[in-house]
Amino acid sequence: MAEAMSMDERADELERKKSEELDVLITKSSLYNMMDGELGPLGMGFGLTQKTGKHFLIGDDPRLPAMPAKPTLVDFFKYRTNGANHVIQSATHALKAGMSEKTILACLLHDIAVDMFIKSDHGYWAAAMIEPYVDEEVTWAIKAHQALRFFPDDSVGYEYPQMYIDHFGADYVPDDYIKRDYEQFRNHKWYMTARLITLHDIYSFDYTAKVSLDPFIDIIGRNFRQPEEGLGFDNSPAAHIWRTIRRPTKYL
Ligand SMILES: [Fe+2]
Ligand SMILES: [Fe+2]
């Protein structure tokens, strides 16, 4: 019986089994499936609700940590990352170097897309997530850091990361849009703010290192306009991104 099933059907069957252990049916969006090399959302078959007597999940995912009704940025760090070790280490590095609050905040938020959303074009995504809530310069710097990471700047001692050689190969060439954006960014008035992110972009990979958001709570308070309704339930142009991070498996 199992052999007669296609790869797709087997994957769907597995998801169905996992879903059966819960009180609700949980599907996967096209984006999740693309990450497994598949196209389209997970097809769980019509009539599944009648067959199982369950409904599709249309709210918070019971497998993920529960979030407060009106979540703050700190709540997203707490409940939607696995510690955000890297960005907290980077912000700590910037704090110890005596950087401005703007720069420290930029370091703290520069990879939040990686930590709680998506890796691909993470600088651009992070900028979109925070734009309504922070100083324009912070948004700009975070958007720019992704491209700047690929280009050395001798004037501040920033070298092309050895890690990128390991990760992508010595002959890797960034995409044209990254090169184009870099050319634009390097002449921008806020270039150095973005460059500072790359300078404090610390990859210690010591995941046992004790990091804490505590030193940054006040900086967040002063520099991040936390919406009263909770991040995601305000009416900002970025609210839906936060809602999706809160409820990534919501049916619609
Ligand atoms: Fe980054
Ligand atoms: Fe980073």
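Read-outs throughout are calculated quantities, based only on the coordinates presented, and are distinct from any laboratory measurement. All of these numbers come straight from a predicted model, not from anything done at the bench. All Cβ positions, glycine included, derive from the backbone under ideal geometry; neighbour counts span all protein chains shown.
Just a few scattered comments:
- Degrees, to the nearest 10: 136-148 long Cα axis against longest axis of the chain: 80
- Looking at region 117-172, the pairs of alpha carbons with a distance over 15 Å make up 57% of the total.
- Helix 176-185 axis versus longest C-alpha principal axis of the chain: approximately 40°, rounded to the nearest ten.
- Degrees separating the helix 7-20 axis from the principal Cα axis of the chain, which is the longest one: 90
- Using 0.36 nm per residue and subtracting the Cα-Cα separation, the extra length available between residue 160 and residue 120 on full extension is 12.4 nm.
- Listed pairs 28/179; 54/210; 70/189; 70/119 exceeding 32 Å between Cα atoms: 28/179; 54/210; 70/189
- Pairwise Cα inverse-distance average, inverted: Kirkwood Rh of the chain (Å): 20.3
- Backbone N atoms of region 139-169 closer than 19 Å to the 7 Å Cα→Cβ label point of residue 176 belong to residues 147.
- Residue list for region 181-197, given a label point 7 angstrom along the Cα-to-Cβ vector of residue 100 and an amide N cut-off under 11 Å: 190-194
- Between the amide H of residue 158 and those of 153, distances stay under 5 Å, these residues lying 5 or more places away or on another chain, with hydrogens modeled in the peptide plane.
- Within the chain, helix-based [θ] at 222 nm, where runs of 4 or more DSSP H residues each add -39,500 (n - 2.57), nearest 500: -13500 deg cm²/dmol
- 3J(HN,Hα) along region 86-96: 4, 5, 5, 5, 5, 5, 5, 4, 5, 4, 5 Hz, from the Karplus curve 6.51 cos²θ - 1.76 cosθ + 1.60 with θ = phi - 60°, whole Hz, x for Gly and Pro.
- Here the residues 72, 249, 198, ranked from fewest to most Cβ neighbours within 10 Å of their Cβ, fall in the order 72, 249, 198.
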